[in-house]
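*Asks:* Sending over a structure as structure tokens; questions will come in a sec.
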Amino acid sequence: MNAVITAVGGYVPPAILNNKKISETVDTSEEWIEKRTGILERRIADDNVATSDLACAAIDNLIKNYKVDRGEIEVLILATATPDHILAPTASKVCEMSGLTNAFGLDLNAACSGFLYALEMGANMIESGRYEKIMVVGADKMSSIVDYEDRNTCILFGDGAGAVLLEKTESGYGLMKSILRTDGSGTASLLVPAGGSKEPAAMQSLLHRDHYLKQDGSFVFKRAVASMSQVSQDVLAKNKLDSDDIDWVVPHQANLRIINAVGESLNIPSEKVKVNIQRYGNTTSATIPLCLWDFKDDFNEGQKLLITTFGAGFSWGAACLKWGVMREKRDVETFAKTAEIESVLIEQ
């Protein structure tokens, strides 16, 4: 028994924050941002939009495009570093808002590696035989914890969400062996200092802007390149694969220079490496599922994908998967009309 991705969905807010706008508010330039990060623009959610809204929009996009019944879903695993509240879990709200009435939900925070961790957890739950259909979502409203007076971090992050449906299969498709890693000694290099139990909300923390993301960019960059490169090589060996066996690399979208360095370390040509950081920036838990969503039409049945991530914690990892058969596409126009009729009937 194995766990295979059978449907994908995604969502990014319509508002665009481009490099020109950032260069007008902090001491930087459009050219510097693009050269250092590869980012041209990022999507920013409105103030009244929460992470739960982004997650629900990605789930709705998946269900709108594939023949999936909300009642089929048994589990929702929501990877996020920006929950709506410290308490209660954001997954609870997403289950309610998305109509996943037969599912239980939980939040998982592994920062930028969150979606990969959640994918591994979901796959193991399916392989145990206890569950057959699990929704795995990566969603983050990074604009809610970014200091737009800090040029070192505000240039990097955006908002978005992606979702995949994991299902039981007895075919040879699906998630293969993975490797996940954690090194808590790196915590201080990438974190939001205040707002948790160690430093609860207080006037002093607000004055020091400690509720915003802080990052030692140079150190994190070096660790990301080294860790993603090594764990990718290790997971290939674990699955008895060579670089030539990989059809597509789907890396965490943190920085284009990191992505290029990892690809070079694996001797994998750039045309096999999926990149959308130029449009979205770093959406943390959402980068991997947004890549799967953006490039889903490029993935063919039986092709091998390598996923690799690195994030706060430090958390990192890599996994191989064999792309399977996707669920039947839905007639979107008919689905929209049916939903509209059902809505009218409910209101009456």
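The values are calculated or read from the model by the stated rules, or taken from the named source; none is laboratory data. Everything numeric here is computed off the predicted structure, so don't read it as measured data. With ideal geometry, Cβ positions are generated from the backbone for all residues, glycine too; neighbour counts draw on all protein chains shown. For accessibility, only protein heavy atoms count, side chains too; no ligands or nucleic acids. Shrake-Rupley method; radii C 1.70, N 1.55, O 1.52, S 1.80 Å.
*Asks:* Does Gly160 satisfy the criteria of being touching a residue at least 40 places away in the same chain (Cβ under 8 Å) and either in a strand (DSSP E or B) or surrounded by 15 or more Cβ atoms within 10 Å (Cβ to Cβ) (or both)?
*Replies:* The answer is yes for Gly160.
*Asks:* Another question about this same structure. Look at segment 222-263 and say how many of its residues are open to solvent by 50 Å² or more (accessible area, probe 1.4 Å), of a type outside the set (A, V, I, L, M) and either over 23 Å from Phe299 (Cβ atoms) or within 20 Å of the chain's Cα centre (by Cα) (or both).
*Replies:* The number of residues fulfilling the criteria is 6.
*Asks:* Separate question: Can we say Leu290 is in contact with a helix residue (DSSP H, G or I) (Cβ under 7 Å, 6 or more places away or on another chain), over 22 Å from Ser218 (Cα atoms) and assigned to a helix (DSSP H, G or I)?
*Replies:* When the stated conditions are applied, Leu290 passes them.
*Asks:* Still on this structure: If you go through segment 197-230 one residue at a time, how many are touching a helix residue (DSSP H, G or I) at 6+ places or on another chain (Cβ under 7 Å) and assigned to a helix (DSSP H, G or I)?
*Replies:* 9
*Asks:* Still on this structure, please answer the following. Is it true that Glu167 is in contact with a helix residue (DSSP H, G or I) (Cβ under 8 Å, 6 or more places away or on another chain), modelled with pLDDT under 95 and open to solvent by 10 Å² or more (accessible area, probe 1.4 Å)?
*Replies:* Here the answer is no, as Glu167 does not meet what is asked.
*Asks:* So which residues in segment 124-144 are touching a residue at least 60 places away in the same chain (Cβ under 8 Å), out of contact with any helix residue (DSSP H, G or I) (no Cβ under 9 Å at 6 or more places or on another chain) and either surrounded by 24 or more Cβ atoms within 10 Å (Cβ to Cβ) or not in a helix (DSSP H, G or I) (or both), if there are any at all?
*Replies:* Residues satisfying the conditions are Ile126, Gly129.
*Asks:* Tell me yes or no: at least one residue of segment 188-196 is more than 23 Å from Asp216 (Cβ to Cβ), part of a strand (DSSP E or B) and in contact with a helix residue (DSSP H, G or I) (Cβ under 6 Å, 6 or more places away or on another chain).
*Replies:* No, segment 188-196 contains no residue that is more than 23 Å from Asp216 (Cβ to Cβ), part of a strand (DSSP E or B) and in contact with a helix residue (DSSP H, G or I) (Cβ under 6 Å, 6 or more places away or on another chain).
*Asks:* Considering every residue within segment 109-119, establish whether at least one is open to solvent by 20 Å² or more (accessible area, probe 1.4 Å) and either out of contact with any Asp or Glu (no Cβ under 7 Å at 6 or more places or on another chain) or among the polar types (S, T, N, Q) (or both).
*Replies:* Checked against the condition, which is being open to solvent by 20 Å² or more (accessible area, probe 1.4 Å) and either out of contact with any Asp or Glu (no Cβ under 7 Å at 6 or more places or on another chain) or among the polar types (S, T, N, Q) (or both), segment 109-119 yields at least one hit.
*Asks:* Within segment 145-157, can you find the residues that are part of a strand (DSSP E or B) and among the β-branched types (Val, Ile, Thr)?
*Replies:* Scanning segment 145-157 gives no hits.
*Asks:* Just checking: which of the strands (runs of 3 or more DSSP E) contained wholly in segment 1-105 hold 1 or more residues that are β-branched (Val, Ile, Thr), surrounded by 20 or more Cβ atoms within 10 Å (Cβ to Cβ) and within 16 Å of the chain's Cα centre (by Cα)?
*Replies:* 2-11, 75-79
*Asks:* Still on this structure, please answer the following. Give the residue that is nearest to Gly138 (Cα to Cα), with candidates limited to residues of segment 283-309 that are in contact (Cβ under 8 Å) with a residue 60 or more places away in the chain and open to solvent by 10 Å² or more (accessible area, probe 1.4 Å).
*Replies:* Trp293
*Asks:* A further question on this structure: Name the residues in segment 7-54 that are among the small types (Gly, Ala, Ser) and in contact with a Ser or Thr (Cβ under 7 Å, 6 or more places away or on another chain), would you?
*Replies:* Correct list: Ser23, Ser29, Ala45, Ser52.
*Asks:* Take segment 177-187 and flag every residue that is part of a loop (DSSP other than H, G, I, E, B) and exposed (fewer than 12 other Cβ atoms within 10 Å of the Cβ).
*Replies:* Once the filter is applied, which keeps residues that are part of a loop (DSSP other than H, G, I, E, B) and exposed (fewer than 12 other Cβ atoms within 10 Å of the Cβ), segment 177-187 yields nothing.
*Asks:* Moving on. Working carefully through the options Val68, Val8, Val94, Val49, find the one that is touching a residue at least 12 places away in the same chain (Cβ under 8 Å) and under 20 Å from Ile145 (Cα atoms).
*Replies:* Val49
*Asks:* Right, here's the next one. Out of (1) open to solvent by 10 Å² or more (accessible area, probe 1.4 Å); (2) more than 18 Å from the chain's Cα centre (by Cα); (3) modelled with pLDDT of 95 or more, the odd one out for Ala312 is which?
*Replies:* Unmet condition: (2).
*Asks:* State which residue pairs qualify: first residue within 14 Å of Tyr280 (Cβ to Cβ) and inside segment 15-40, second residue of a type in the set (Asp, Glu) in any location, beta carbons under 6 Å apart, and separation of 6 or more residues or different chains.
*Replies:* Taking only residues 6 or more apart or on different chains, the pairs are Ile16/Glu41; Asn18/Glu41; Asn19/Glu30.
*Asks:* What are the residues in segment 300-314 that are under 16 Å from Met176 (Cβ atoms) and not β-branched (Val, Ile, Thr), if any?
*Replies:* Within segment 300-314, Glu301, Gly302, Gln303, Lys304, Leu305, Leu306 qualify.
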